[in-house]
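Asker: My questions all concern the structure below.
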Amino acid sequence: MRSGIIRFAFAVLCSTVFTCAMTAQAADDIDYTGEYTMQGKGFGANDSAYSGTCSLQRENQGYRVSCFNRDTRHTYVGKGLARGDTLAVFIGDVLQGDHNDIYAGEYLVLYQRKPDGTLTGTWLHTKSQFAGRETLVRTK
C-alpha cells in the first residue's frame, strides 16, 4: 500500500506541475529545509481557518515533515518529496501500515514554491471529501 501511495504522489507531481524529464541535479537545486509558519483553511463554507508551524528537514532523498496546528493543539508528521518548485507531502497521525511499518499519511499536500520562497499548497484528506489551501512562510 505504501509504495502505491508513493507512486500516486509521483504521478500527481509529474502530470500536474512539471516535466518528469527534469534532471536530478535541477531537482536538487532547491532546499526546502527550514522552519515555517503555517496558515490554512478548508474549502468548506463552515471550515475554520487554522495556523501553526511546520519544520522540514532533509532526510535521504526526501524530507521529514512535522507541523503543529495551534488551533487543534495537534502535531502531524510525515514525509515529503521535492522536484524543482514542487513539494508533495503525506502527513497525518502515526498509523500502522503494511508489514508492521509505521507511517503517517492522512493528508496529501501539494505545494508550489513562489519566487519569495513561500509555499502555497492544496491539501486533500485521504478518507473524506475534505480539502483546502495552506501557505507556509519560511521563518528561518
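Just so it is clear, none of the values below were taken in a lab; they were calculated from the coordinates. The model shown is predicted, which means the values in this text are computed figures rather than measured ones. Quick reminder, even Gly has a Cβ in these numbers, built from the backbone with ideal geometry, and neighbours come from all protein chains shown.
Asker: In whole Hz, with x marking every Gly and Pro, tabulate ³J(HN,Hα) for the stretch 122-135 from phi via Karplus 6.51 cos²θ - 1.76 cosθ + 1.60, θ = phi - 60°.
Answerer: Couplings: 10, 10, 9, 7, 6, 10, 8, 8, 5, 7, x, 10, 8, 10 Hz.
Asker: Taking the Cβ of ASP47 as the center, what net charge do the other residues with Cβ under 13 Å away carry, scoring Lys and Arg +1 and Asp and Glu -1?
Answerer: It works out to a net charge of 0.
Asker: In addition: Whose amide H sits under 5 Å from the amide H of PHE130, counting only residues 5 or more places off or on another chain, with H placed in the peptide plane?
Answerer: HIS125
Asker: Sequence-distant or interchain residues sharing an amide H contact under 5 Å with GLU106, placed H: which?
Answerer: Here ILE91, GLY92, ASP93 satisfy the definition.
Asker: Another question, then. Mind listing the phi-derived Karplus ³J(HN,Hα) values for the stretch 37-49, rounded to whole Hz, using 6.51, -1.76 and 1.60 with θ = phi - 60°, and x for any glycine or proline?
Answerer: Along the stretch 37-49, the couplings run 8, 10, 9, x, 6, x, 6, x, 4, 9, 6, 8, 5 Hz.
Asker: Explain nothing, just compute: Karplus ³J(HN,Hα) = 6.51 cos²θ - 1.76 cosθ + 1.60, θ = phi - 60°, for every residue of the stretch 50-59 in order, whole Hz, x for Gly and Pro.
Answerer: 9, 8, x, 9, 9, 10, 10, 10, 4, 8
Asker: Can you list the residues, at least 5 places off or on another chain, whose amide H is less than 5 Å from the amide H of ASP47, using H built in the peptide plane?
Answerer: For ASP47, no residues qualify.
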